[in-house]
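What follows is a set of notes on a single structure, which appears directly below.
The values are calculated or read from the model by the stated rules, or taken from the named source; none is laboratory data. Keep in mind the model is a prediction, meaning the values are calculated, not measured. Here Cβ is always computed from backbone atoms with ideal geometry, including for glycine, and neighbour counts include all displayed protein chains.
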Amino acid sequence: MEYEIGGLILALLLWAAWKIATASGQRQLKEVGRLPPGPTPWPVVGNIFQLGLGAPHESFVKLAKKHGPVMTIWLGSMNTVVISSNEAARVMFKNHDVVLAGRKIYEAMKGDYGNEGSLITAQYGQHWRMLRRLCTTEFFTTSRLDTMRVVRRQCIDQMVQFIHESGESGTTAIDIRRFFFLMAFNLMGNLIFSKDLLDPKSERGSEFFFHAGKVMEFAGKANVADFFPILRRLDPQGIRRKTQFHVNHAFDIVGEFLQERLRTMENDCIQKKIRDYLDVLLEYRGDGTEGPCIFGPRTINVIIFEMFTAGTDTTTSTLEWAMAELLHNPATLQKVQAELRTLTDGGEKIEEENLNKLPYLNAVIKETLRLHPPLPFLVPHMAMDSCKMFGYFIPEETQILVNVWAIGRDPKTWKDPLEFKPERFLEPNMVDYKGQHFEFIPFGSGRRMCPAVPLVARVLPLALGSILHSLDWVLANGLKAEEMDMSERMGITLRKAIPLKAIPVPYKG
Ligand code: HEM
């Protein structure tokens, strides 16, 4: 009985929330124009049940076939516009980039102390611009990346060594994703703190790893409080509370690392060879003038935490999909290994300086990002003001999702779109992911595009090339290439549903 009354009250609350939200939307609509077309929403829940929450990117494709490449979807009372073609993406980024450069902030992303210091969740404006400048003029410049080459080399070498050790006899299957994650996580740790966080000697490192992993897990869950603002205070699934719990623990650990660094700076007792990101943050003044650092400890904490969350899962997921596609397409695997082994001519390693001599390896990375963009909708954008796009009215605060997964598989653009064919990225095509070719935008485009592309463009091919160069790979349990399960699972990134298990066999040359 109690449950029934509770259910009734909840249903009434949801209905009231929906009425209020849609009434104001409809009022605006009458005043100014037509929303993009879309499936008819049900009362209260909108189009949620038409989506199938497990694979919304696929459901959006089916709906877009009927309603078009600029489509309205109601997620509860949250008005969302889904962009599903390269032409629509081009118009969005070329003509409406500024007004659509806001961020829709989900409940799990809302910090207890506001979002100060967060680049990902900052609304487009002065604070965002300052944080973005930190990335483009300090973190990801060619000279900084060149100086830190040795750090990337070291983390990738360590991954290769761990793989050799774990599958020593050439018969033991490994979960490749774990090794990629370890590499990506330690890479961030070394870029920021000059530390291997995942090291048996670093207890705090593995605690940080645990809490950061939990934050990513909760941030990837569908949360009803996002769809029904009236439920925000109740936090019915506890997602906000749980996320904050882990964020706070992770922040405490970063705070300890920060204090340690400040002490060593005072005592000047450690001679580090390379200036790391923490040094940059502690000395950053924003405009190049002399003066005290402009960031407080809290902001530094947020920036660091964000680097880990933005950089680890995306990198891991891309590398796991690349390996999965190569094992699923043995001829392509042979071709890329032949390119790598011919280049080094019996030498030990792939070097970063040689990446531009490996067109097929680079094409494999691009083809992986085309079929498996880790963030299939980019990071949700938001209209900061109302605007007109394609003659439709886009109200202020509309969430904008760009379905780059669908755009990358659009048969109008791509021949045999579902086939893994890196050849399509070889010259004279030269389609690139720098945000100018709208048929292929796994990092986005325009102002909010991923700032770490220059780093990622070095790490992905070097990591993949290194494990393909010194090892051969065999699927676990005698599985045949054509029997592999290539299904996807939506979390914070779109990862492989069944982890890839394969046996590394040392290559004798
Ligand atoms: C395969 C690897 C990666 C992919 C596919 C990727 C993709 C993306 C995408 C799609 C966005 C959102 C673009 C938009 O909203 O329009 C983004 C934003 C961002 N990425 Fe990446 N990313 C990767 C790696 C990284 C790494 C390694 C870092 C940091 C070390 C990073 C830092 C960020 C940040 C800070 C933003 C927010 C930018 C803003 O809101 O202005 N990403 N990334």
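Annotation note: of ILE400, ILE350, the sole residue that is within 13 Å of the ligand (Cβ to nearest atom) and surrounded by 18 or more Cβ atoms within 10 Å (Cβ to Cβ) is ILE400.
Can you tell me which residue in segment 88-116 is farthest from the chain's Cα centre (by Cα), limited to those that are of a type outside the set (A, V, I, L, M, F, W, C) and within 11 Å of the ligand (Cβ to nearest atom)? In this case the residue turns out to be ASP97. Taken as a whole, the condition of being crowded, with 21+ Cβ neighbours inside 10 Å and away from the ligand (no atom under 16 Å from the Cβ) applies to PRO422. The residue that is nearest to the ligand (Cβ to nearest atom), counting only those in segment 440-475 that are under 24 Å from LYS335 (Cβ atoms) and of a type in the set (D, E, K, R), is ARG458. In the condition set (1) in a loop (DSSP other than H, G, I, E, B); (2) under 30 Å from LYS496 (Cβ atoms); (3) in contact with a strand residue (DSSP E or B) (Cβ under 8 Å, 6 or more places away or on another chain); (4) within 16 Å of the ligand (Cβ to nearest atom), THR80 is compliant with all but (1).
THR80 passes every criterion in (1) modelled with pLDDT of 95 or more; (2) farther than 20 Å from LEU231 by Cβ apart from (2). Among the criteria (1) surrounded by fewer than 21 Cβ atoms within 10 Å (Cβ to Cβ); (2) at pLDDT below 95; (3) under 23 Å from the mean Cα position of the chain (by Cα), the one MET384 does not fulfil is (2).
Count of segment 394-418 residues, restricted to those that are part of a loop (DSSP other than H, G, I, E, B), of a type outside the set (Lys, Arg) and more than 23 Å from the chain's Cα centre (by Cα), is 6.
If you scan segment 163-187, which residues turn out to be more than 20 Å from ALA322 (Cα to Cα) and surrounded by 23 or more Cβ atoms within 10 Å (Cβ to Cβ)? Result: ASN186, single match.
For segment 454-509, the strands (runs of 3 or more DSSP E) that sit wholly inside it and include 1 or more residues that are surrounded by fewer than 16 Cβ atoms within 10 Å (Cβ to Cβ), in contact with a Lys or Arg (Cβ under 8 Å, 6 or more places away or on another chain) and of a type outside the set (Gly, Ala, Ser) are 488-490. Residue count for segment 428-439, restricted to those that are within 19 Å of PRO359 (Cβ to Cβ) and within 13 Å of the ligand (Cβ to nearest atom): 2.
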